[in-house]
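Q: Take this structure, written in structure tokens, and hold onto it; I'll ask about it next.
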């Protein structure tokens, strides 16, 4: 039986939070893992750094400044990592995330920050600034939302009424004096709403209803603030059912929730000296739309009187997923393959294709309505109206197109004599509104190895699902649990240690991937490692 392999995943931007790297410091980082028996590095591909790199032109000061300094010392990150890993006798695989090309981080429309940091793409929230500049010419090829449910005159509709409906008839603590409305044209500067307003509290069909009527809101953004910042949640419901917005003629106004403000979203990015690393000289006003948030005490319910004290609204819908190009287009396949080719040119030993990424949406099922998908649906099923699509049949088309990309990538990687590794998430069949058809990928021979994303070692019930597909083909499985939020201590040491020993002796798994380096170790100026979570290293050392 092959030896059980220990590996580490490096998300280098997280390591850069501690300072810039040169080649000796990079060697020291990988050596810390080599010395506890790790023989492979999974390096998350960060794209070419020359010019406008992925995070070099953003206000994330610690990362951007350290990334620039590191590039000046070692050049592009991946080739430098390949040299360091091979010098230490370690294999190195690039981890490529096709859908992770930009984040929905924005500045207010037309703000001074846009000229300095904007990347030339917009979202419903504002001007985007965090992402790969080379994807901007392909922005129209991103995952697209359906448009058949949006009225042609939506931009001209004036909001007159907002109804909030609860789960039941229980009284709410909200009174007219608790409700404050503010409006904005740019999702930056919000001014108090000064127009007419009537507040009515009633019970309809056994449910509590709070109605704001007689409004006149022509602005595209508005927010309702309350003084309650706790988890009492006396008026809550699902996102779909909590709020309804109507215009002056009583017609529904399509809208999108803003569940978190820009200030709250970036409140964690504060340096030790209290200096804001993000937008230190710029306003952080406004809200982030179409982004989930742990906003209510019980998900998937949302509360009007919630712990953040606000609920924002944007007229309209997010038309594209911010950083996710659509697999429906051949041009997108070519773009993704150019990145895979860069990884291979850097000298990696394999490429791990990962679906998990940082884009978020409140309603994934509304996306995937690109023109090639609609045309293919018509060809297969004789229907071209998205309103009448069977979502499961549509998802089959989307899955086929993503599998087509996987097949192209596998051929390219193997043509260079390298190995193809695919991420499989056994915790969720549906992700990003798509079906991740891993059985097909295995059946069609697209995987030389598999990363079991978010899976702890020796998770026998889930191994029972995949091993019948992989074992006959001799495909190695590597568990890759999410450790970043784990607290250190004896319980972590015991759980991880027991899992590693069980996996190594059980024979169904071939390895373990530590996710990720920046969580467990820092390299100081003296090039000696500081073990931030020593319990992880204790468990690894115990493997011998």
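Q: When you scan region 195-233, how many residues do you find that are free of Cβ contacts under 8 Å to residues at least 12 places away in the same chain and touching a helix residue (DSSP H, G or I) at 6+ places or on another chain (Cβ under 9 Å)?
A: 0
Q: Search region 316-359 for residues being in a strand (DSSP E or B) and farther than 30 Å from residue 187 by Cα, and hand back the single one that is nearest to the chain's Cα centre (by Cα).
A: Out of the qualifying residues, it is 353.
Residue by residue, here is whether (1) modelled with pLDDT under 90; (2) touching a helix residue (DSSP H, G or I) at 6+ places or on another chain (Cβ under 7 Å); (3) outside the structural domain of residue 475 (by TED's automatic domain parsing); (4) farther than 30 Å from residue 471 by Cα holds:
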| residue | (1), (2), (3), (4) |
| --- | --- |
| 28 | no, no, no, yes |
| 32 | no, no, no, yes |
| 37 | no, yes, no, no |
| 41 | no, yes, no, no |
| 51 | yes, no, no, yes |
| 56 | yes, yes, no, yes |
| 63 | yes, yes, no, yes |
| 73 | no, no, no, yes |
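Q: Filter region 169-180 down to the residues that are within 34 Å of the chain's Cα centre (by Cα) and surrounded by fewer than 17 Cβ atoms within 10 Å (Cβ to Cβ) and list them by number. Give the steps one after another, and end with the answer.
A: Filtering region 169-180 down to residues within 34 Å of the chain's Cα centre (by Cα) leaves 179-180.
If the condition is that a residue be within 34 Å of the chain's Cα centre (by Cα) and surrounded by fewer than 17 Cβ atoms within 10 Å (Cβ to Cβ), then 180 is the only one that fits.
Q: Tell me, please, whether a residue that is closer than 26 Å to residue 109 by Cα and within 36 Å of the chain's Cα centre (by Cα) can be found in region 192-203. Outline the logic, then answer.
A: As a first pass, look at region 192-203 and keep what is closer than 26 Å to residue 109 by Cα: 192-195.
Applying the additional criterion that residues be within 36 Å of the chain's Cα centre (by Cα) yields 192-193.
Within region 192-203, one or more residues are closer than 26 Å to residue 109 by Cα and within 36 Å of the chain's Cα centre (by Cα).
Q: Mind checking which residues of region 183-207 are part of a strand (DSSP E or B) and more than 14 Å from residue 218 (Cβ to Cβ)? Lay out the reasoning, then the answer.
A: Of all residues in region 183-207, those part of a strand (DSSP E or B) come to 183-184, 191-192, 198-204, 207.
The answer is 192, 198, 199, 200, 201, 202, 203, 204, 207.
Q: Taking the residues in region 366-401 that are touching a strand residue (DSSP E or B) at 6+ places or on another chain (Cβ under 8 Å) and not in a loop (DSSP other than H, G, I, E, B) as candidates, determine which candidate is nearest to residue 439 (Cα to Cα). First the steps, then the outcome.
A: Going residue by residue through region 366-401, those that are touching a strand residue (DSSP E or B) at 6+ places or on another chain (Cβ under 8 Å) are 366-370, 395-396, 398-399.
Checking which are not in a loop (DSSP other than H, G, I, E, B) leaves us with 366-367, 395-396, 398-399.
Working: 366: 25, 367: 24, 395: 16, 396: 14, 398: 16, 399: 12 Å.
Checked region 366-401; the qualifying residue nearest to residue 439 (Cα to Cα) is 399.
Q: Could you tell me whether any residue of region 415-430 is without any contact (Cβ under 8 Å) to a residue 12 or more places away in the chain and farther than 22 Å from residue 395 by Cα?
A: yes
Q: Working only within region 136-157, note down all residues that are touching a strand residue (DSSP E or B) at 6+ places or on another chain (Cβ under 6 Å) and either within 14 Å of residue 219 (Cα to Cα) or in the same structural domain as residue 244 (by TED's automatic domain parsing) (or both).
A: 157
Q: Can you say whether residue 136 is within 30 Å of the chain's Cα centre (by Cα) and without any contact (Cβ under 8 Å) to a residue 24 or more places away in the chain, as far as the supplied structure shows? If you could, list the steps in order and put the result at the bottom.
A: On the way: within 30 Å of the chain's Cα centre (by Cα): yes; without any contact (Cβ under 8 Å) to a residue 24 or more places away in the chain: yes.
Taking the combined requirement at face value, the residue satisfies it.
Q: Let me ask another. Answer yes if at least one residue in region 414-421 is on the phi > 0 side of the Ramachandran plot and buried (at least 16 other Cβ atoms within 10 Å of the Cβ), and no otherwise. Please lay out each step first, then the result.
A: First, pick out the residues of region 414-421 that are on the phi > 0 side of the Ramachandran plot: 417.
Going one step further and asking which of them are buried (at least 16 other Cβ atoms within 10 Å of the Cβ), we end up with none.
Checking region 414-421: not a single residue is on the phi > 0 side of the Ramachandran plot and buried (at least 16 other Cβ atoms within 10 Å of the Cβ).
Q: Name the residue that is nearest to residue 24 (Cα to Cα), counting only residues in region 76-92 that are free of Cβ contacts under 8 Å to residues at least 60 places away in the same chain and more than 27 Å from the chain's Cα centre (by Cα). Walk me through how you get there before you give the answer.
A: The first filter runs over region 76-92 and keeps only residues free of Cβ contacts under 8 Å to residues at least 60 places away in the same chain, leaving 80, 85, 89.
This time we only want the ones that are more than 27 Å from the chain's Cα centre (by Cα), so: 85, 89.
Values: 85: 12, 89: 16 Å.
So the residue we want is 85.
Q: Does at least one position in region 361-368 carry a residue that is over 30 Å from residue 259 (Cβ atoms) and either in the same structural domain as residue 99 (by TED's automatic domain parsing) or in contact with a helix residue (DSSP H, G or I) (Cβ under 6 Å, 6 or more places away or on another chain) (or both)?
A: The answer is no, given that none of the residues of region 361-368 is over 30 Å from residue 259 (Cβ atoms) and either in the same structural domain as residue 99 (by TED's automatic domain parsing) or in contact with a helix residue (DSSP H, G or I) (Cβ under 6 Å, 6 or more places away or on another chain) (or both).
The values are calculated or read from the model by the stated rules, or taken from the named source; none is laboratory data. None of these values were measured; they are calculated from a predicted model. Backbone-built Cβ (ideal geometry, glycine too); neighbour counts: all protein chains shown.
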